[in-house]
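The values are calculated or read from the model by the stated rules, or taken from the named source; none is laboratory data. Since this is a predicted model, take the numbers as computed values, not measurements. Methodologically, a virtual Cβ is constructed for each residue, glycine included, from the backbone with ideal geometry; neighbour enumeration extends over all protein chains shown. With ligands, DNA and RNA removed, areas are computed over all heavy atoms of the protein, side chains included. Shrake-Rupley method; radii C 1.70, N 1.55, O 1.52, S 1.80 Å.
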Amino acid sequence: MTLAGILLLGGFVLFAALMVARVLPTLLALPLMAGWIAFIAGVPFFGWLSEIVVKGSFRLSAPIVLVVFGSMFARVIQKTGISDTIIKKAAELSGDQPVAIASLMTAATAFIFLGMSGLGAIIMIGSIAIPIMTGAGIAAIDAVILILLGMLTGSALNFAGAATGIGIFGAEAVLRYLMPGAVVSVIITCAYIFINIPRGNHGAAPAFALVKSFILAILSVPGSLVSVAGKLFSSRKSSLMKKKEALPGAALITPILPLAVIGIINFTVGLGNAADGKVDPVSASVLGFVIASFYAAVLVRPSQVINLFTGAIVDGIRDVAGVIFLFMGIGMLVTATTQKAAIDILNPLFVAVMPNSFYGVLLLFTILAPAALYRGPFNMYGMGTGIAAILTSLHFLPASALYGMFSGVGYLQAIADPTNSQNTWLAGFAGVDATNVMKRILPYAWGACVLMMMFVAVLK
């Protein structure tokens with residue numbers, strides 16, 4: 001190992017340790033790490049400034065746009081009361097049976113997270129759903145885990161949530177594992193409910209009621225649109241005292257609309273490179289968010305569409321301001337690691353420690369999956385971003401396979417890591433220890449990792 005390799009690796013470990021110890025936030029650690037790599041690689045100061053800082057900040061421009069529009073959509077769902085209504089509707093349909101309440105609360109959470117993300121959504125859902133579940137006899141720790149599993153399942157199909165993966169591995173790699181990720185999430189969620197939640201003699205009535213409500217919501221779309229048009233063109237003057245109207249049933253399908261738009265585009269035109277006559281997946285997702293936002297605004301607040309959109313855009317950008325800078329830092333790091341001088345230094349290091357075979361790497365990721373916890377080396381919200389960028393730049397494995405592997409270990413980070421803001425808040429709200437939540441959910445998260453690695457072995 002050369003002196004440059006030792007210095008580069010030492011700096012990487014130092015920054016990682018500072019992140020794990022929470023001395024240095026990831027927002028600052030990633031740009032600093034990029035600067036250190038550029039310095040060791042001998043990149044001139046002004047070259048670092050123009051190529052890595054400035055151009056690197058724009059490297060993830062498409063994911064940044066995706067996150068902004070996704071956050072806008074999340075705010076529309078929140079401001080229109082759609083997410084709140086979905087949770088309460090699920091509670092009404094489930095009755096007082098623990099397993100029915102657990103299933104429907106988890107399903108409602110997943111449905112909401114098709115369009116929402118972040119701690120704000122968790123607080124909104126958890127503050128409603130946890131008291132409902134614990135009141136039905138479900139243990140507080142299980143209620144917390146069910147919210148996390150619902151978040152995991154919905155986020156698996158939320159394209160905006162995969163923005164980091166898109167920036168590092170590419171949109172096609174993310175699309176390849178979108179459905180497998182959702183399947184794995186559903187499997188472990190069902191397994192957790194089956195093993196841990198007591199069952200009653202409720203039969204399948206709540207499930208049928210949920211399906212019936214969803215079908216009725218879809219069938220009510222034309223009627224709701226006609227009703228809205230009638231209100232817009234009505235000559236009646238509005239009074240100062242307005243009666244609060246019930247949310248149209250057709251509005252409840254809003255969270256799934258972005259996914260539907262992506263599916264329609266994929267079926268009719270195809271998702272892929274625009275040069276090949278297809279539609280870029282990020283562009284399709286942005287269109288889906290805009291259409292779904294407009295649909296919700298017109299149905300729920302037809303006379304306030306412009307104000308609703310304006311407020312959602314401003315609040316949405318405020319919600320993801322930190323994420324935007326994080327993506328800029330990731331772009332700097334990716335750009336730094338793809339410099340030829342940096343690759344020449346890094347390649348011998350990783351060749352020396354990584355297994356020679358594809359299945360060897362797959363097994364290494366599976367065994368070391370807990371390294372995604374506590375902002376560890378596989379954590380994509382910590383030092384894992386740097387490792388992912390470096391491994392991708394070396395081209396020793398297909399980018400899609402690497403994304404699948406990081407997605408697999410990501411299950412542990414997403415729902416088991418006690419340093420996550422959502423885990424901390426949910427545990428505190430429910431009065432349980434976040435570490436105990438980790439211990440209880442860890443076998444399921446690791447099982448999800450194994451299942452995803454099986455998909456990677458098949459799809460690679």
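Which whole-number value in Å² is the accessible area per residue of the stretch 332-460, probe 1.4 Å?
For the stretch 332-460, the per-residue accessible area is 38 Å².
Under the Kirkwood approximation applied to all pairs of distinct alpha-carbon atoms, what is the hydrodynamic radius of the stretch 389-455 in Å?
13.2
How would you rank 167-173, 425-431, highest first, on the average number of other Cβ atoms within 10 Å across their residues?
167-173, 425-431
Based on the Cβ-Cβ distance of residue 6 and residue 396, what FRET efficiency does E = 1/(1 + (r/R0)^6) give at R0 = 25 Å, to the nearest 0.05?
That gives a FRET efficiency of 0.70.
Tell me, what ³J(HN,Hα) does each residue in the stretch 429-438 have, in order and in whole Hz, if you take phi through Karplus 6.51 cos²θ - 1.76 cosθ + 1.60 with θ = phi - 60° and put x for Gly and Pro?
Values, residue by residue: 5, 8, x, 10, 8, 4, 5, 5, 4, 4 Hz.
Give me, ordered by chain and number, the residues 5 or more places off residue 271 or on other chains with an amide H under 5 Å from its own placed amide H.
HN-HN under 5 Å from residue 271: 279.
So how do 360-366, 185-191 stack up, highest first, on mean other-Cβ count within 10 Å? Provide the component values of the computation, followed by the final result.
Working: 360-366: 16.9, 185-191: 19.1.
Top to bottom by mean Cβ count within 10 Å: 185-191, 360-366.
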